[in-house]
Amino acid sequence: MEVLEPVDFSEWAAPIVAVRKAQKDADGDPIVRICADYSTGLNAALEMNSYPIPTPEDIFAKIAGCQRFSVIDLSDAYLQMEVDQDSQKLLTINTHKGLFRYKRLPPGVKTAPRVFQKVIDSMLGDLEGAEAFLDDVLVFGRTQLEHDRNLENTLKRIEDYGFRIKIEKCKFNMSHVKYLGHIIDENGLGTDPAKVAAISQMPAL
């Protein structure tokens, strides 16, 4: 996938950690993701990027009156962004199979979310009816025609930027969608039952 390349030497090398994901594979086994632990040195040496991450309120304020919605999930979001060669040497990981250098932006680098959000905002900036929180893109419209136009423009822009989407996690042309912990529909915002299940199902004492 051109994400990693082996190297013989590096002045920087982060250890790896195994992160167990909530999802399971087709056989029902837990999915384990191998991640770099940049908290061991690199993150302390980096200056924090000041680009703002939008709040859910920023996004929800723009959907008033909308009736149709789509949610687009960008596949392996950060790893779709190439890193220049000078920065690649900082992203080396130390594994039981030797040293490997990231050629794409890996999760775990403290500046990654803001760098990624800046690119996404640039991609969607002049489009109507499209907002994004990192790799989760929300498309909306007050009518079916408006939604479809906004969705087509958004997908075309994603293609132009060379991003790939994870189709099985996308929702297209829905009357309501889950987004950032809320249920969105023509009436506005509602609470996602899954987020409050632990409280609503708590037995009485």
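Taking interchain pairs and intrachain pairs at least six residues apart, which have beta carbon atoms under 7 angstrom, with the first residue in the stretch 1-23 and in contact (Cβ under 8 Å) with a residue 12 or more places away in the chain and aromatic (Phe, Trp, Tyr) and the second surrounded by 13 or more Cβ atoms within 10 Å (Cβ to Cβ) and part of a strand (DSSP E or B)?
Between residues of the stretch 1-23 that are in contact (Cβ under 8 Å) with a residue 12 or more places away in the chain and aromatic (Phe, Trp, Tyr) and residues that are surrounded by 13 or more Cβ atoms within 10 Å (Cβ to Cβ) and part of a strand (DSSP E or B), the close pairs are Trp12/Thr92.
For the subset of the stretch 9-22 comprising residues that are in a strand (DSSP E or B) and open to solvent by 80 Å² or more (accessible area, probe 1.4 Å), which member is farthest from Asn43 (Cα to Cα)? Step through it out loud before you land on a result.
Filtering the stretch 9-22 for residues in a strand (DSSP E or B) gives 14-22.
Now restrict to residues that are open to solvent by 80 Å² or more (accessible area, probe 1.4 Å): 20, 22.
Working: Arg20: 22, Ala22: 26 Å.
Among them, the one singled out is Ala22.
Yes or no: the stretch 81-99 includes at least one residue that is hydroxyl-bearing (Ser, Thr, Tyr), closer than 23 Å to Trp12 by Cβ and within 15 Å of the chain's Cα centre (by Cα). Explain how you work it out, then say what you get.
Narrowing the stretch 81-99 to residues hydroxyl-bearing (Ser, Thr, Tyr): 87, 92, 95.
Filter once more, so that each one left must be closer than 23 Å to Trp12 by Cβ: 87, 92, 95.
In the following step, the residues that additionally are within 15 Å of the chain's Cα centre (by Cα) were identified as none.
No: the stretch 81-99 contains no residue that is hydroxyl-bearing (Ser, Thr, Tyr), closer than 23 Å to Trp12 by Cβ and within 15 Å of the chain's Cα centre (by Cα).
Only one of (1) surrounded by fewer than 17 Cβ atoms within 10 Å (Cβ to Cβ); (2) at pLDDT 95 or above fails for Gln201. Which number is that?
Checking Gln201 against (1) surrounded by fewer than 17 Cβ atoms within 10 Å (Cβ to Cβ); (2) at pLDDT 95 or above, the one that fails is (2).
Run Pro52 past the list (1) part of a strand (DSSP E or B); (2) closer than 28 Å to Gly141 by Cα and report the number of the one that doesn't hold.
With respect to (1) part of a strand (DSSP E or B); (2) closer than 28 Å to Gly141 by Cα, Pro52 is out only on (1).
Just to check your reading of the model, which residue among Glu152, Glu159, Glu128, Glu146 is among the acidic types (Asp, Glu), crowded, with 16+ Cβ neighbours inside 10 Å and over 11 Å from Val71 (Cα atoms)?
Working: Glu152 fails: crowded, with 16+ Cβ neighbours inside 10 Å; Glu159 fails: crowded, with 16+ Cβ neighbours inside 10 Å; Glu128 fails: crowded, with 16+ Cβ neighbours inside 10 Å.
On inspection, the qualifying residue turns out to be Glu146.
Anything in the stretch 1-19 that is within 18 Å of Arg104 (Cα to Cα) and more than 24 Å from the chain's Cα centre (by Cα)? List them, or say none.
If the condition is that a residue be within 18 Å of Arg104 (Cα to Cα) and more than 24 Å from the chain's Cα centre (by Cα), then Pro6, Val7, Ser10, Trp12, Ala13 are the ones that fit.
The values are calculated or read from the model by the stated rules, or taken from the named source; none is laboratory data. Since we're looking at a predicted model, the values are computed, not measured. Cβ coordinates were reconstructed from backbone atoms using ideal geometry, including for glycine residues, and neighbour counts include every protein chain displayed. Each accessible area value is taken on the protein alone, full model and side chains, heavy atoms only, with ligands, DNA and RNA left out. Shrake-Rupley method; radii C 1.70, N 1.55, O 1.52, S 1.80 Å.
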